[in-house]
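Participant: Before anything else, here's the structure in question.
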Amino acid sequence: MEGIAALWRRLMRPFGRRDLLEASLVGLAFLLYFAVRGAVIDRPETAYFNALDIIDVQRKFGFFWEPDMQEWIIDKLFLVQAANVVYFWLHFPLIIAFGIWLYFNHRRKYTAMRDLLLVSGGIALIVYWLYPVAPPRELPQLACRFDSCGPAYVRGFIDTMQVHLGYAYQSQSTAAFVNPYAAMPSLHFGWDLLLGAGIIWTFWKQPLQWLVVPIGVALPTMQVFSITVTANHFFLDAAAGGAVSLAAIPAAAFLQRWGYPRLGRALARLPWPFVARLLALKRQEETEASEASTSQV
């Protein structure tokens with residue numbers, strides 16, 4: 001046991017208490033997000049007919065393009081796989097990588113991005129609970145269960161990730177954390193919109209802006225194409241995802257300007273010495289991070 005404890009101390013030595021606390025906070029928040037999201041899976045019939053309502057709205061306004069787009073791309077294996085990769089890999093893996101880099105290089109911007117993701121995720125959970133929507137890939141199966149095989153325009157959708165990439169959100173390994181009826185809003189688009197904006201914000205007027213800013217613009221653009229041709233979302237889901245993510249901006253700004261200072265003062269009054277030490281350490285690290293960011297500019 002002593003050897004294990006020594007190894008643990010050696011591994012944790014490069015990280016401060018603030019780092020471990022932040023990792024625990026973010027990890028717990030996302031675990032809670034997926035646990036709650038995955039718990040709301042018992043209304044497939046409601047989710048199916050809500051999806052038909054989404055389709056009816058898009059048809060009314062003339063932008064129900066998802067079946068035609070998938071029919072056009074389905075035989076073009078390279079494009080299908082590219083869309084699958086964008087959908088799967090240019091979302092959470094990229095958000096995590098950029099978040100870690102921000103944390104160590106631009107602490108204040110990291111905090112703002114973290115709050116935007118957490119607040120928008122909280123809003124989305126409420127919508128998932130109140131208004132479950134089945135994604136296009138689920139409609140053929142649900143139509144056969146609840147709608148006598150349904151209208152023709154819902155029977156042809158194909159789950160391209162399962163067919164061509166081998167990943168299935170319905171697999172046993174992910175079933176506990178996946179809600180197949182959480183298509184509206186699409187945080188795949190909404191969070192990539194925030195990610196792209198965060199990248200542009202971070203590198204604006206920096207030497208590499210000519211390279212990085214186009215990436216920030218391309219990310220949400222590629223994602224809105226990928227979520228639709230892979231039959232994971234409707235265009236209206238993407239619009240809702242963008243609206244939810246943008247709606248988080250005032251809440252995140254409130255936390256930065258008023259919420260955290262008041263919380264810090266309240267915690268400082270608690271009769272717990274370790275809290276005071278942690279707050280002092282946090283202020284010191286934020287000052288050092290701010291000075292480092294200023295020197296880089």
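Participant: Tyr169: at pLDDT below 85 and closer than 17 Å to Ala35 by Cβ, yes or no?
Facilitator: In short, yes.
Participant: Can you tell me how many residues within segment 172-201 are of a type in the set (Gly, Ala, Ser), part of a loop (DSSP other than H, G, I, E, B), crowded, with 22+ Cβ neighbours inside 10 Å and modelled with pLDDT under 95?
Facilitator: The total comes to 1.
Participant: Would you mind listing the helices (runs of 4 or more DSSP H) fully within segment 33-102 where at least 2 residues are crowded, with 18+ Cβ neighbours inside 10 Å and among the small types (Gly, Ala, Ser)?
Facilitator: 44-60
The values are calculated or read from the model by the stated rules, or taken from the named source; none is laboratory data. What you are looking at is a predicted structure, and each value in this text was computed from that prediction instead of being measured. Glycine also receives a Cβ, built like all others from the backbone with ideal geometry; neighbour counts cover every protein chain displayed.
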